[in-house]
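Presented below is the structure to which this report refers.
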Amino acid sequence: MTTLLCLSRAFITGLGHRHRVYPLLTKLYSIDTARVLFLGTPDVAATSLRTIVEDSQKESSGYSVVGVVTQPPKRRKRKGKEIPSPVGYVAEELDIPVLTPEKQAKDTDFLDNLENNVRPDLCITAAYGQYLPKRFLAIPKCGTVNIHPSLLPRWRGASPVQRSLQAGDNPVGVSVLFTVSKMDAGPIIAQKEYTVGKNDQATTVLPLLFEVGTELLLENLPDILSGKITMETAIQQDEALVTEASMINAAEAELRVWEESATTCHNRMRGFSMWPGTFIYLQVGDEEPIKVKIIETRVLPDSVEPTTMVELGPDKGDGLRLVCGDGSILEILTLQPVTRKAMDAKSFVNGIQGKTVTWVKPPAE
């Protein structure tokens, strides 16, 4: 098989008083091997990168990961040491060149480098976290594909898993789609539904969907690289069915139990488990109300007369039973009073030594 040697160089650019070095890959590869560039940042994307690289090393893969793009390293406050993103860390471990454009993907020097040196045939994005300009999207001849953890066009935007769980969606799912200038609006290559448990949280659902999405991408990758699947042959999204997954605001974290049902509160807790979490205010005896983070809950099937009293259930393993304004019951299994460690409901009750507990509206309410 004919081979081509790619020589490694360093592309050095002056950015004001700072300099940035973009290393390029040194690799002996077939002229028939597609060049894939991966873009991602958090842990879920790092797992996807490992899976894709492992697949690329199979003799029949037909592609090679020639570089990784991720957000710049963060600097530790004390020693000033730079800490790479999870994707950057894995790329370094796998000896894959890492690009970290300071001015995001619109950086002119970064784009010049991609066009002239990296020359990707396909770009894969997984939670990269930055907008990709038209110039970037025009570079790879096979396009840019994205792993998006929702069943598009439902939940376009920054927080698809969180919003889908908050809404009580079941099944949830993942989409593999071509990237266009408009966020999450490109033609869909493939989708897969996934049924979640009624108590499953974003903490576990998000990484699971990225794993499912990565496998779905790999199943379709040969057809993408061969040109069988293109922007034109993929399924166009129905704009009439779009639901926006807006960025989560910390102000949404309060469980307004006096006006929301137990199911609404439970689903918000599930969706917001990674950040910002959820909280309520509890009053123990005559003490000042305290802010309590709610970590794990479940919804009981019963309905009772509304009350502000919060009491431990009668059976072993029961949680604190909070009656919402509509009479539905939210059972709190794990909670964390401010300045304290997380604890189960029984431990909380033991710590208050027989005092009554009520839920209260926040001071400003």
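Keeping all protein chains in the complex and leaving out DNA, RNA and ligands, what accessible area do you get for Met231 with a 1.4 Å probe, in Å² to the nearest 10?
70 Å²
If you fit an axis through the alpha-carbon atoms of helix 43-56 and take the longest principal axis of the Cα set of the chain, what angle between them do you get, 0 to 90°, nearest 10?
Approximately 40 degrees, to the nearest ten.
Could you work out what % of the accessible surface of the chain is carbon and sulfur, using a 1.4 angstrom probe and leaving DNA, RNA and ligands out of the count?
With neighbouring chains kept in place, the figure for the chain is 50 percent.
Which order do you get for Met309, Met183, Met269, Met343 if you rank them by accessible area with a 1.4 Å probe, largest at the top?
The ranking, largest first, comes out as Met183, Met309, Met343, Met269.
With a cap of 15 neighbouring Cβ atoms within 10 Å, and only residues DSSP puts in a loop, list the trypsin sites (Lys or Arg not before Pro) found in the range 257-365.
Lys316, Arg340, Lys341, Lys355
With a cut-off of 8 Å between alpha carbons and a minimum separation of six or more residues, what is the relative contact order of the range 187-325 in percent?
This gives 22 percent for the range 187-325.
Okay, which of the range 209-248 sit inside 19 Å, backbone N to the point 7 Å along the Cα-Cβ direction of Tyr131?
Output list for this probe position: 244-248.
Compute the distance from the alpha-carbon center of the range 317-360 to that of the range 168-225, in whole Å.
36 Å
Averaged per residue, what accessible surface does the chain expose to a 1.4 Å probe, in Å²?
52 Å²
Identify which of Glu254, Glu287, Glu211 has the largest mean-square fluctuation in a Gaussian network model of the chain, with springs joining Cα atoms closer than 10 Å.
Glu287
Please report, in debye to the nearest 20, how large the charge dipole of the range 271-365 is about its Cα centre when each Lys and Arg carries +1 at its beta carbon and each Asp and Glu carries -1 there.
400 debye
Springs between alpha-carbon atoms under 10 Å, Gaussian network over the chain: tell me which of Thr125, Thr47, Thr108 tops the mean-square fluctuations.
For the chain, modelled as a Gaussian network with Cα springs under 10 Å, the answer is Thr108.
Where a Cα-Cα gap under 18 Å defines reach, which aspartates and glutamates qualify for Lys141, not counting those fewer than 8 residues away within the same chain?
Lys141 reaches Asp32, Asp112, Glu115, Asp121, Asp223, Glu232.
With charges only on Cβ, +1 for K and R and -1 for D and E, what is the dipole size of the range 198-344 about its Cα centre, in debye, rounded to 20?
420 debye
Among the listed pairs Lys74/Lys291; Lys58/Lys103; Lys81/Lys103, which have their C-alpha atoms separated by more than 28 angstrom in this model?
Check vs 28 Å cut-off fails for Lys74/Lys291; Lys58/Lys103.
When the chain is treated as a GNM, springs tying every alpha-carbon pair under 10 Å, which of Val310, Val338, Val68 comes out with the largest mean-square fluctuation?
Maximum fluctuation in the GNM of the chain, among the listed residues, is at Val338.
Would you check the accessible area of Thr204, probe 1.4 Å, heavy atoms only, in square angstrom rounded to 10?
So the heavy atoms of Thr204 present about 80 Å² to solvent.
Please state the charge dipole magnitude for the chain, taken about the Cα centre, from unit charges on C-beta atoms (+1 on K and R, -1 on D and E), reported in debye and rounded to the nearest 20.
So the magnitude is around 1480 debye.
Using each residue's phi in the range 294-311, evaluate 6.51 cos²θ - 1.76 cosθ + 1.60 at θ = phi - 60° and report the 3J(HN,Hα) Karplus result to the nearest Hz, with x for Gly and Pro.
The phi angles translate into 9, 9, 8, 9, 8, 9, 8, x, 7, 9, 9, 5, x, 7, 8, 5, 10, 10 Hz.
Within 10 Å of each candidate Cβ there may be at most 16 other Cβ atoms; applying that plus a DSSP loop requirement, which chymotrypsin sites (Phe, Trp or Tyr not before Pro) in the range 78-163 survive?
Hits after loop and neighbour filter: Tyr131.
Using alpha carbons only, how many degrees (0 to 90, rounded to 10) separate the axis of helix 262-271 from the longest principal axis of the chain?
Tilt of helix 262-271: around 30 degrees.
The values are calculated or read from the model by the stated rules, or taken from the named source; none is laboratory data. All values reported here derive from a predicted model rather than from experimental measurement. Cβ coordinates were reconstructed from backbone atoms using ideal geometry, including for glycine residues, and neighbour counts include every protein chain displayed. Remember, those area values only see protein heavy atoms, side chains included, never the ligands or the DNA or RNA. Shrake-Rupley method; radii C 1.70, N 1.55, O 1.52, S 1.80 Å.
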